[in-house]
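Undergrad: Below is the structure I would like to discuss, written out as structure tokens.
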Amino acid sequence: MQNNKTPSHDLSDEFLIQNFRDGNTEAFDVLYLRHLPRVYNRVRYVVPENDVEDVTQEIFLAAMKSLASFRGDAKFGTWLRTLTNHKVAEYYRRRARKQEPRLAPLTEAIAQTTGSTSQSLEERIFLQRALQNLPESYREVLLLRFAEEMQFNEIADHTGQNLEAVKSLFRRAVSALRTHLET
Amino acid sequence: MDQETQYTEKDSKLADFTDRLLGGKTAPIASASDEELLHLEQTVLRLTHAFPPDSQRDAKAKQMLVRFKNRVSREETQAVKPSFWKRLFDFHANPQAGLLLAVVTVLILAVVALPFIQPPGSSVSGSAITSGNFYIAAGMILVLLVVYWISHNK
């Protein structure tokens, strides 16, 4: 049906996944382009700039390999978010094994990065470090709102909480972030 | 106003401030009278300034897709590349290896059998050859067969 043709961009994730399983590799390209901004942004908030693309590509590579076993119990986006969190955790475990600091030293990061001023990069590293040190529920609500640009009502739907609870969690998360930035 | 109501109000004000900021609208910062809210809004501002939206998102996404596809095909090529042993013992693709194995086997058999072969009329017996040599040669052949079997079952 759609095999060997570029799939339309308004098709559902489920249809594209089935299409990919049927052998149309271009279906994955559409999934990739559709979900890349959210995945990339989420990684960008927690991983040093010079490793963001590499980690993002690993996430999609793992997704591609595991798509055959994706049962569709959760939405593809939710599944991909969980995979992203696992890959980020794996990235930090690998760094820890190599005995590298949790986030690259400032000088190393600045030397390897172009396009950002050292001051803005320094600020980003401080924020990444603070985000990484937050409890998971706080980090998650901040990433959903800032990195994935989800509205508060969407976060409420996604987490199964009411809107007031999400806004309260968000305020407490920002407050905790501020405390981490000050220490 | 009780503390719970105060917090609920703060939750809403901070959420509205964030919505306006991320929506690209002007977000007036809280007055200094509410110091806590002011600090929270400043933290939100700090976060949004440190991670500004990517203006070249679409172009970058397409470039990343190209690099992703290259990486996939690179990994697929590496995945299908057979191991050294499999290639060595792939006699269809590498008939010389098969010939070499056959020659080595014949040589080993010849070394083992040589002491037992006596020219007609010879009175010298092959007593210098012990049964140990036979076991060594048989072991070598066995090792070759095991290596062959393992490489084909990898």
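Undergrad: Look at segment A:123-157 and say how many of its residues are in a helix (DSSP H, G or I) and open to solvent by 70 Å² or more (accessible area, probe 1.4 Å).
TA: Within segment A:123-157, residues that are in a helix (DSSP H, G or I) and open to solvent by 70 Å² or more (accessible area, probe 1.4 Å) number 6.
Undergrad: Could you give every pair whose Cβ atoms fall below 7 Å, whose first residue belongs to segment A:136-161 and is within 12 Å of chain B (Cβ to nearest Cβ), and whose second residue is among the aliphatic types (A, V, I, L, M) and open to solvent by 50 Å² or more (accessible area, probe 1.4 Å), counting only separations of at least 6 or pairs across chains?
TA: Qualifying pairs under 7 Å: A:E149/B:L22; A:F152/A:L163; A:N153/A:L163; A:A156/A:L163.
Undergrad: What are the residues in segment B:5-59 that are among the acidic types (D, E), closer than 20 Å to A:A147 by Cα and either within 7 Å of chain A (Cβ to nearest Cβ) or more than 45 Å from the chain's Cα centre (by Cα) (or both), if any?
TA: Of everything in segment B:5-59, those that are among the acidic types (D, E), closer than 20 Å to A:A147 by Cα and either within 7 Å of chain A (Cβ to nearest Cβ) or more than 45 Å from the chain's Cα centre (by Cα) (or both) turn out to be B:D11, B:D16.
Undergrad: Determine, yes or no, whether A:P105 is over 13 Å from the mean Cα position of the chain (by Cα) and either farther than 25 Å from A:E122 by Cβ or modelled with pLDDT under 90 (or both).
TA: Yes; evaluated as a whole, the condition is true for this residue.
Undergrad: Report the residue count in segment A:28-44 for those that are over 8 Å from the mean Cα position of the chain (by Cα) and open to solvent by 10 Å² or more (accessible area, probe 1.4 Å).
TA: Residues meeting the conditions: 5.
Undergrad: Of the conditions (1) within 9 Å of another protein chain (Cβ to nearest Cβ); (2) over 18 Å from B:F51 (Cα atoms); (3) free of Cβ contacts under 8 Å to residues at least 12 places away in the same chain, A:V166 clears all except one; give me its number.
TA: (3)
Undergrad: Then there's this: May I ask you to list the residues in segment B:60-71 that are more than 7 Å from chain A (Cβ to nearest Cβ) and open to solvent by less than 90 Å² (accessible area, probe 1.4 Å)?
TA: Of everything in segment B:60-71, those that are more than 7 Å from chain A (Cβ to nearest Cβ) and open to solvent by less than 90 Å² (accessible area, probe 1.4 Å) turn out to be B:K60, B:V66, B:N70.
The values are calculated or read from the model by the stated rules, or taken from the named source; none is laboratory data. Please read all numbers here as calculations on a predicted model, not as lab measurements. Ideal geometry is used to build each Cβ from the backbone, glycine not excepted, and the neighbour counts take in all protein chains shown. These accessible areas exclude ligands, DNA and RNA; they are computed on the full protein's heavy atoms, side chains included. Shrake-Rupley method; radii C 1.70, N 1.55, O 1.52, S 1.80 Å.
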